[in-house]
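Taken together, the values in this text are just the output of simple stated rules run on the coordinates, not laboratory data. The model shown is predicted, which means the values in this text are computed figures rather than measured ones. Virtual Cβ from ideal backbone geometry, glycine too; neighbours counted across all protein chains shown.
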Amino acid sequence: MDPDDLAKELKRTQQRVFLRRQQRLNLLNSELSLAKSHIISRTKLMARDLWDIYPISEFPDRRGYSICDIYLPSSDHLEGHDATMISVAIGYVGHLLLLLSDILDITLRFPLKYYGSKSLIYCNRRNQQFPLHVDSTKGRDWVNFCYGMSLLNLDIVQIRTLYGLSTSDPGETLANLHELKIILAREELS
C-alpha cells in the first residue's frame, strides 16, 4: 500500500470514529435532556406535595394568613398573640423552608435547626443561634426571638429573589411564602 492510500484509509477511519463518537455524544445528550426533564418534573411534584403538607391559606377578609390552619401575624405584630401557637406556626414555616430548600437545592444563608416548635436559626455574622420560638415577650428572649424571625424572613427573601420575586415587606412571612408557592406552581423549575 502506498502512503497516499494509507493516508486516505486513516482519514476514513478517523471520520468513522468521529461519527460514532458524535452519535454517542448525541445519544448521551438526549438521555441527559430526558433525565433533566424528569428531575424538573419530579421537583415540581415534590414542591407541590410540600405545599399540600403545609398549606398556607389567606383569610377571606384579607387580614392575614395561616399555615396548617394556625394564624401567624406579620413579624411586626406578634406581640399579644398566643406564644405557643406562634411557635407552632413558625415551626411549620421552618420545616417547610428546610424541605423546600432541599428540594430546590438551595443553601439557605441562615441555616435552620429544626426542632418542631423549638427550632433555631444560625447567624454566621454573629456566630450565634437564635430561637424561632417565643419563651417570653420581655427582655433578651424577645429580642433574640425577633432577630431569629428576621433571619428566617431573610431566608424566605433569598428563595424569592432566586425566582425573580421582589419583597417589599420581609416581615410578611406567610404572605411571602404564599406568593412564592403561586410562582413555583406556574413556572418551570431549573
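What to note about this one:
- Between helix 173-186 and the chain there is an angle of about 30 degrees, using the helix long axis and the longest principal axis of the Cα atoms.
- A Förster radius of 22 Å, combined with the Cβ-Cβ distance separating S66 from E179, puts the computed FRET efficiency at roughly 0.90.
- Choice from R42, R63, R21 with maximal GNM fluctuation in the chain (Cα, 10 Å cutoff): R21
- Packing-based ranking, highest mean first, of 71-78, 102-109 given that Cβ atoms within 10 Å are counted: 71-78, 102-109
- The chain - Debye-derived log10 I(q)/I(0), Cα point model, q = 0.10, 0.18 Å⁻¹: -0.50, -1.18
- Sites T13 and R109 - FRET efficiency at Förster radius 41 Å, r taken between beta-carbons, to 0.05: 0.15
- Gaussian network model of the chain, Cα within-10 Å springs - most flexible of G148, G80, G116: G80
- Square roots of five times the Cα gyration tensor eigenvalues for segment 53-153, Å: 21, 19, 11
- Taking other residues whose beta carbon is less than 15 angstrom from the beta carbon of T167, and scoring Lys, Arg as +1 and Asp, Glu as -1, yields -2.
- When each of the peptides 154-165, 84-95 is scored by the mean number of other C-beta atoms lying within 10 Å of its residues, the order from highest to lowest reads 84-95, 154-165.
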